[in-house]
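Below is one structure, written out as structure tokens; comments come after it.
The values are calculated or read from the model by the stated rules, or taken from the named source; none is laboratory data. Small disclaimer: the values here were computed from a predicted structure and weren't measured. FYI the Cβ positions are ideal-geometry reconstructions off the backbone, even for glycines, and counts take in every protein chain you see. Accessible surface areas use protein heavy atoms only, side chains included; no ligands, DNA or RNA. Shrake-Rupley method; radii C 1.70, N 1.55, O 1.52, S 1.80 Å.
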Amino acid sequence: MHPRLAYFLSVIFHPLLMPTWLIGLLLFIAPARLNVDTYSPDLRVSLLVLVFIGTFAVPSLLIYYLYRSGVLTDLTMPDRTDRRLPYLLSGIVYLVVTYLFAFRMSLFSETSPEVAIILGSITLSILLVGLINTVWKISAHAVGIGGVLGTVMLMLAKHGDTELFVPFVILIALSGLLATARLQLNAHTLGQVSAGLGLGVLVSGLAVFWLV
């Protein structure tokens, strides 16, 4: 794989972008699974924008502030020790966002506990990644796409949402490409990528199996 392609994949499938990709996929391909099939397209877009702001824009700005203030020397955070504070802050932001979606979504006429559950599973994954990172550099990219893959896989298996079959196949291919990209960039070892993918699939899959 060419290094530029590896870098491109790492950017567009950044861990903080995966909630937006996942919720967007479900909102417009399997809306009934999120209990939002009665929402208008505009309302679904509004919900997705809120997800993007809360799960990407806010934590990204905090991380960029850490970089500008000199706490971080590299935005890619190649060293495990550099990731502790960003993971902690991201986890706190995700906890707040999950709470807001679970209990404070007065903007919408109907609530969607499924969205809050999915965000909660992502939050748990982030906190676990932060904890594991204190002793070992697990791949957050692999955890992120593993979470999307696990969610779609379990929805397909549990509920028979056939409209998710093609996205599921594509996600399998993207997971392999992203894992290859992280190895190509020497960001992680094969073990770190494999463990990340497994963790993401496990946490999200259990959330769907038990709750969605």
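Quick notes on this structure:
- Scan of segment 77-98 for residues that are in a helix (DSSP H, G or I) and open to solvent by 30 Å² or more (accessible area, probe 1.4 Å), ordered by number: Arg80, Thr81, Asp82, Arg84, Leu85, Tyr87, Leu88, Leu89, Ile92, Leu95, Val96
- Restricting attention to segment 148-163, the residues that are crowded, with 18+ Cβ neighbours inside 10 Å and over 14 Å from Glu114 (Cβ atoms) add up to 5.
- Filtered residues of segment 169-208 (kept if buried (at least 18 other Cβ atoms within 10 Å of the Cβ) and among the β-branched types (Val, Ile, Thr)): Val193, Val201, Val203, Val208
- Apart from one condition, Asn186 fits all of (1) modelled with pLDDT under 95; (2) in a helix (DSSP H, G or I); (3) not acidic (Asp, Glu); the exception is (2).
- Taking the criterion of being farther than 22 Å from His2 by Cβ and among the hydroxyl-bearing types (Ser, Thr, Tyr), the residues of segment 153-212 that qualify are Thr162, Ser194, Ser204.
- Those residues of segment 27-50 which are free of Cβ contacts under 8 Å to residues at least 60 places away in the same chain, within 19 Å of Pro113 (Cβ to Cβ) and touching a Lys or Arg at 6+ places or on another chain (Cβ under 9 Å), in sequence order: Leu27, Pro31
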